[in-house]
Structures are given as C-alpha cells and as structure tokens.
Amino acid sequence: MESQLGTLFIVSTPIGNLLDISPRALECLNAVNVIACEDTRHSAKLLNKYEIQTRRVSLHKHNEASRTAQLIDQMSKGHNVAYITDAGTPLISDPGSRLVHLAATAGCEVAVVPGPSAVTAALSGSGFPADRFYFGGFLSTKKKARKEELHEALQRKETSIFFDSPYRIASTLDILSTLDTERLIVVARELTKKFEEFKRGTAPELAKLFSQKPVKGEIVIIISGAKPPRWLSSKET
C-alpha cells in the first residue's frame with residue numbers, strides 16, 4: 001500500500017516585527033516534520049522566540065538543488081515540510097521556486113500560509129495607485145544596468161517597486177534625478193521596525209536628503225507611474 005504524500009507549506013514570516021507572524025503560521029511550524037530555512041541561524045531568532053522545536057535544515061541558492069531532492073524524498077514518505085525565508089513571503093526575490101515546482105510535479109500538495117511582504121507593505125504605505133503595479137526585485141549592482149532599469153520604470157503607467165541596498169540608495173536617487181526631476185518617489189526603510197520611515201518627494205529632493213548621511217536597513221523604492229491621477233502631484237500640500 002502506497003504511503004500518503006506529505007504537504008509542502010510555504011509560510012510567510014515577519015519582515016521585521018516578530019509580532020507580525022500569524023497564529024496559523026505558528027501552528028504550521030509546530031506541526032510539520034521539518035522546517036526548511038533560507039538561513040537556519042537567521043530564522044532561529046523567530047523560532048526560538050515562539051519555542052518552536054521542529055527540526056530545521058537549510059535551503060538556499062547554493063544548495064537548493066540537492067536539498068530540494070532530499071525534501072521531496074521526505075515528502076514522498078508522508079512527511080510534511082514548511083519552507084520559510086529570512087523575512088516575508090517566500091519566493092519573492094528569494095529561492096524556493098525549484099522546491100515548489102518539483103514538489104507539485106511529484107504529486108505533493110502545496111499549501112500557502114500567507115503573511116507579511118515588504119512589497120505590499122511598501123506599496124500600501126506609499127499612497128501611490130496600487131490597482132496595478134510592477135515589481136522589479138533588487139535593482140542591479142551595476143550602475144549602467146540600474147540606470148536602464150530605472151529608465152524603463154519611468155516609462156510605465158503603473159507604480160514600480162524595487163528593492164535596493166542602503167549603500168546604493170543615494171546613487172540610485174542621483175540616477176533618477178538625471179532621468180526625471182518631477183516624478184514623485186517614496187523610499188521606505190526598515191518596514192515594521194522601530195525606525196520605520198517613508199520619505200516622499202521628487203528624485204532631486206530625496207537625493208539631497210539621502211546624501212547627507214549614510215542609512216542602514218532594508219530599502220524599498222516606489223516610483224509613481226507615468227500617468228498618475230490628478231490628485232497625485234508633487235505640488236499638492
């Protein structure tokens with residue numbers, strides 16, 4: 001008699017404030033046989049806070065192929081697996097696509113436990129239209145490629161969202177200043193954490209602000225669309 005296949009749970013975790021985890025996520029992480037973590041050391045802070053003793057293994061971009069095979073083998077024996085990344089919703093600019101696809105292909109059930117996401121948190125706090133938007137992941141580390149990405153974003157009618165490094169945000173805003181001096185932009189930093197902030201303005205205004213001193217923490221940059229509604233104007237107060 002064939003054993004029942006296990007389930008793969010894709011579990012969202014807090015992006016900063018550990019209180020943002022859902023009761024369902026905690027229940028799931030306690031109930032599964034193993035938790036696959038992007039970084040077991042990073043996830044230990046969350047799991048230890050909630051006294052979750054479930055066995056942990058790592059699954060990151062350097063071992064995704066081999067670990068995926070191991071986890072699917074365990075699910076083929078009826079074991080349930082949860083996958084979490086360092087923060088937020090797995091697979092959004094994180095590894096895990098291979099695991100989800102191959103688990104589903106192998107006949108395992110895939111279940112999503114939704115929760116925090118830096119993308120939607122930044123978008124909802126930006127005040128820009130959110131009925132349609134473009135998410136470009138992390139901006140390129142190379143200046144020329146980053147300029148091309150930003151140029152394309154400025155041509156879009158919808159809001160554009162990117163992740164950026166605190167070490168490059170000043171350079172990114174300088175590039176935007178050369179491309180468009182009027183477009184409204186929001187820079188979100190340290191979302192859900194103690195020093196969370198949303199800085200709003202045109203690229204030149206924000207470039208001046210972020211050139212004054214180095215910043216720390218995760219950065220999300222939100223660029224308003226090329227055809228914003230009338231109420232969205234840099235001249236309004």
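Derivation of every value follows stated rules applied to the coordinates shown; laboratory data play no part. All values derive from a computational prediction rather than experimental measurement. Every residue, glycine as well, gets a Cβ built from its backbone with ideal geometry; the counts of neighbours run over all protein chains shown.
If you place +1 on the Cβ of every Lys and Arg, -1 on the Cβ of every Asp and Glu, and leave all else neutral, what size is the dipole of the range 1-140 about its Cα centre, to the nearest 20 Debye? Can you show the working numbers first?
Numbers: 11 positive and 12 negative charges, 45 e Å.
With only Lys, Arg, Asp and Glu charged at Cβ, the dipole is about 220 debye.
Local charge sum around residue 214 (other residues, Cβ-Cβ under 13 Å, Lys/Arg +1, Asp/Glu -1)? Intermediate results must be reported in sequence, preceding the final value.
Working: positive: 168, 189, 213, 216; negative: none.
Local net charge: +4.
Let me know the longest stretch in the chain that avoids all trypsin sites (Lys or Arg not before Pro) found in a DSSP loop with at most 12 other C-beta atoms within 10 Å. Don't skip to the answer; put the middle values down first.
Details: sites that count: 61, 77, 132, 142, 157, 194, 216, 230, 235.
The longest such stretch corresponds to 1-60.
Rank 66, 107, 17 by how far each Cα sits towards the positive end of the charge dipole of the chain (+1 on Lys, Arg Cβ; -1 on Asp, Glu Cβ) and give me just the farthest.
The residue sitting farthest along the positive end of the dipole is 17.
Order of 73, 180 from fewest to most other C-beta atoms within 10 Å? Intermediate results must be reported in sequence, preceding the final value.
On the way: 73 11, 180 18.
So the residues, fewest neighbours to most, are 73, 180.
Percent relative contact order of the range 118-223, based on C-alpha pairs within less than 8 angstrom and at least six residues apart? Could you put the intermediate results ahead of the total?
Values: 171 pairs, mean separation 34.9, N = 106.
Relative contact order of the range 118-223: 33 percent.
Using 0.36 nm per residue of separation minus the Cα-Cα distance, give me the extension gain between residue 120 and residue 65 in nm, one decimal.
Values: separation 55, 0.36 × 55 = 19.80 nm, distance 2.92 nm.
Extending this stretch completely gives an extra 16.9 nm.
Can you pull the one-decimal nm distance between simple spin-label points at residue 74 and residue 194, each 7 Å off the Cα toward Cβ?
Using points 7 Å along Cα→Cβ, the separation is 3.5 nm.
Restricting to Cα pairs below 8 Å that are 6+ residues apart, what does the relative contact order work out to for the range 7-113? Please round to a whole percent.
Details: 178 pairs, mean separation 47.3, N = 107.
Relative contact order of the range 7-113: 44 percent.
Show that you can apply the helix-only estimate: for the chain, add -39,500 (n - 2.57) for every DSSP H stretch of four or more residues, divide by all residues, and state [θ] at 222 nm to the nearest 500. Show your work: numbers first, answer last.
Values: 8 runs with 82 residues, N = 237.
That comes out to -10000 deg cm²/dmol.
Quote the charge dipole size of the chain about the Cα centre in Debye, to the nearest 20; the model charges only the Cβ of Lys and Arg (+1) and of Asp and Glu (-1).
Details: 31 positive and 26 negative charges, 138 e Å.
Roughly 660 debye, rounded to the nearest 20.
Need one word for the range 118-223: rounded, prolate or oblate. Basis is the Cα gyration tensor (sqrt eigenvalues a ≥ b ≥ c); a/c below 1.5 gives rounded, then a/b vs b/c decides. Don't skip to the answer; put the middle values down first.
On the way: a/c = 1.37, a/b = 1.04, b/c = 1.32.
Rounded, because the longest to shortest axis ratio a/c is under 1.5.
Taking other Cβ within 10 Å of each residue's Cβ, how do 85, 7, 178 sort, fewest first?
Values: 85 25, 7 18, 178 13.
By the 10 Å Cβ count, ascending: 178, 7, 85.
Taking only the alpha carbons of the range 41-96, what extent do you get along each of the three principal axes, in Å, biggest first?
Projected onto the principal axes, the Cα atoms of the range 41-96 cover 31, 26, 17 Å.
Nearest 20 debye, what's the magnitude of the dipole of the range 137-237 about its Cα centre given +1 on Lys and Arg Cβ and -1 on Asp and Glu Cβ? Intermediate results must be reported in sequence, preceding the final value.
Numbers: 20 positive and 14 negative charges, 28 e Å.
Charge dipole of the range 137-237: 140 debye, to the nearest 20.
Mind running the shape call on the range 1-86? Use the C-alpha gyration tensor, a ≥ b ≥ c as the square roots of the eigenvalues: rounded below 1.5 for a/c, prolate if a/b tops b/c, oblate otherwise.
Numbers: a/c = 2.37, a/b = 1.45, b/c = 1.63.
Note, shape of the range 1-86 comes out oblate.
In what order do 29, 18 fall by count of nearby beta-carbon atoms within 10 Å, going from fewest to most? Walk me through the intermediate numbers first.
On the way: 29 24, 18 12.
Placing the least packed residue first, the sequence is 18, 29.
Take every Cα pair under 8 Å in the chain that's 6+ residues apart, average their separations, divide by the length, and report that relative contact order as a whole percent. Intermediate results must be reported in sequence, preceding the final value.
On the way: 443 pairs, mean separation 49.7, N = 237.
RCO, the chain: 21 percent.
By the scheme Lys and Arg +1, Asp and Glu -1, what is the net charge of all other residues having a beta-carbon under 12 Å from that of residue 32? Present the calculation step by step, with values, prior to reporting the outcome.
Numbers: positive: 55, 56; negative: 27.
Counting the neighbours of residue 32, the net charge comes to +1.
Based on alpha-carbon positions alone, could you give the equivalent ellipsoid semi-axes of the chain from the gyration tensor, as √(5λ), descending, whole Å?
Details: eigenvalues 294, 64, 51 Å².
Working from the Cα gyration tensor, I get semi-axes of 38, 18, 16 Å.
Please check the chain for the longest run free of chymotrypsin sites (Phe, Trp or Tyr not before Pro) that are loop-located per DSSP (anything but H, G, I, E, B) and have at most 11 other Cβ atoms within 10 Å. List each step's numbers first, then the result.
Numbers: sites that count: 195, 231.
Free of exposed loop sites, the longest segment is 1-194.
Taking GluC sites (Glu not before Pro) as candidate sites, keep only those in a DSSP loop with at most 12 other Cβ atoms within 10 Å, then name the longest stretch of the chain containing none of them. Numbers along the way, then the final one.
Working: sites that count: 2, 51, 182, 236.
With a cap of 12 other Cβ atoms within 10 Å, the longest stretch comes to 52-181.
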